[in-house]
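The values are calculated or read from the model by the stated rules, or taken from the named source; none is laboratory data. Please read these numbers as outputs of a predicted model, since none were measured by experiment. Cβ coordinates were reconstructed from backbone atoms using ideal geometry, including for glycine residues, and neighbour counts include every protein chain displayed. SASA here: full protein model, heavy atoms, side chains in, ligands and nucleic acids out. Shrake-Rupley method; radii C 1.70, N 1.55, O 1.52, S 1.80 Å.
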Amino acid sequence: MNIYGQTIKDLENYFLNNNMKPFKAKQVYEWLYQKRVNDFHSMHNLSKETIQLLNSDYKFDKLKILKKLKDIDVYKYLFELSDKNKIEAVLMNHDYGFSLCISTQVGCNMGCRFCESGRLKKVRNLLPHEMVLQILEIEQDLNIRISHIVLMGIGEPFDNYDNVIKFIDIINDPKSLAIGSRHITISTCGIVPKIKEFMNYDKQVNLAISLHAPNNEIRNKIMNINKAYPIEEVIKAVKEYVDKTHRRITFEYIMLKGINDSVENANQLAQLIRNINCYVNLIPYNETSHIEYKKTNKEGILKFYDALKKAKINVTIRREFGSKVSAACGQLRSNYEEDI
Ligand code: SAH
């Protein structure tokens, strides 16, 4: 087991099961997350016996930084996992702090047509420690503290639900990274049963839905998942979610030229989501060489934006980060595979 995949409760139980005092869990957490020590021998307030025990049960495997690219206000990392699989994380420097976009799976099975990540089918889920370590490695590499986490890298977080929830429990803990739940955003392509399950999660984590279309006809064309969970089911689940949690939801909407970006599409979208406590985040499409979709130009995005505004929908346009550094999900990995 990797030590970075343990919640404080896991460690407390571990010590209890070994007839030791559970407060040692807090001490270990302090060494790991406050002092950033990465071997048990340096944990000076633990007894030899405790260190020996920990050493026999836990590993410290780290991620290897294979590649690091920098553009204005953005760093992109390609990591190698201990089994040689590769994942990406993107760090963005906002005026409110550093936000890290992390991966949740190796590859992805959701099959969104516009997305580079899905060109590699899912190899496996990431384990909690592999998500935690994306944060720790980058904080160490740049000597910074990250304040916001978005689960919008490679993979579908709701196709790896339990590990993702454990990851959030770990980084949200005041004794570890203490990243506030309101500073964490999960993005899903719309796996309805998991949206329902997530309603009962006790932390105020933000939820974003990759909607990308105002109707089934368009959504079926660009997102395979819509065949399993059509748009009306997604909207119904979202309404339940908002009713139950009283939290505002985000709809992400990629602007694809000639596909989903007309004013008529905007009006239909406005109809679909009216009366929901939500906002729409329009995403300029990040073009990739392997996929034929093109981005809507600025003027087209603004027209769409205006139509939503007129219909009294809260809407923002996402700032573009790092198109020069292959910031589209999965692009860095697939370019790397081609380079070598
Ligand atoms: N699977 C999850 C999270 C990962 S994708 C989801 O679907 O939400 C994160 C976001 O990036 C999604 O909204 C996805 O549709 C979007 N995305 C994928 N490829 C993109 C690209 N080339 N340009 C812009 N956004 C992209």
**Q.** Rg ratio (alpha-carbon, reference 2.2 N^0.38 Å) - the range 111-174
**A.** 1.23
Q) For the range 265-312, what is the convex hull volume of the alpha-carbon atoms per residue, in Å³? A) 86 Å³
Q: With all protein chains present, calculate the accessible area of T7 using a 1.4 Å probe and round the result to the nearest 10 Å².
A: 20 Å²
Q: Only bridges with both residues in the chain count here: give the DSSP antiparallel percent, nearest 5.
A: 50 percent
Q) Given R₀ = 30 Å, FRET efficiency for A178-K48 by Cβ-Cβ distance, to 0.05? A) 0.50
Q: Could you state the accessible area per residue of the chain in Å², with a 1.4 Å probe and every protein chain left in place?
A: 45 Å²
Q. Here are some pairs, K196/K236; K26/K62; K68/K295; K122/K166; K239/K303; K67/K121; which of them have Cα atoms lying more than 18 Å apart in this structure?
A. K26/K62; K68/K295; K122/K166; K239/K303; K67/K121
Q: Tell me which residues come under 5 Å, amide H to amide H, from G97 once H is placed; ignore anything under 5 positions away on its chain.
A: none
Q: Arrange the peptides 149-161, 200-212 so that the one whose residues have, on average, the most other Cβ atoms within 10 Å appears first.
A: 149-161, 200-212
Q | Distance (nanometres) between label positions extended 7 Å along Cα→Cβ at E232 and K298 | A | 4.1 nm
Q: Let me know the shape class of the range 48-149, please: from the alpha-carbon gyration tensor, a ≥ b ≥ c as square roots of the eigenvalues, rounded when a/c is under 1.5, otherwise prolate if a/b is greater than b/c, or oblate.
A: oblate
(Q) If I take every Cα pair under 8 Å that is 6 or more residues apart in the chain, average their sequence separation and divide by the length, what percent do I get for the relative contact order? (A) 15 percent
Q | Share of pairwise Cα separations in the range 140-239, more than 23 Å, in percent | A | 32 percent
Q) Quick one: with all protein chains in place, what share of the accessible area of the chain is carbon or sulfur, to the nearest percent (1.4 Å probe)? A) 48 percent
**Q.** Per residue, the convex hull volume that the Cα atoms of the chain enclose (Å³)
**A.** 135 Å³
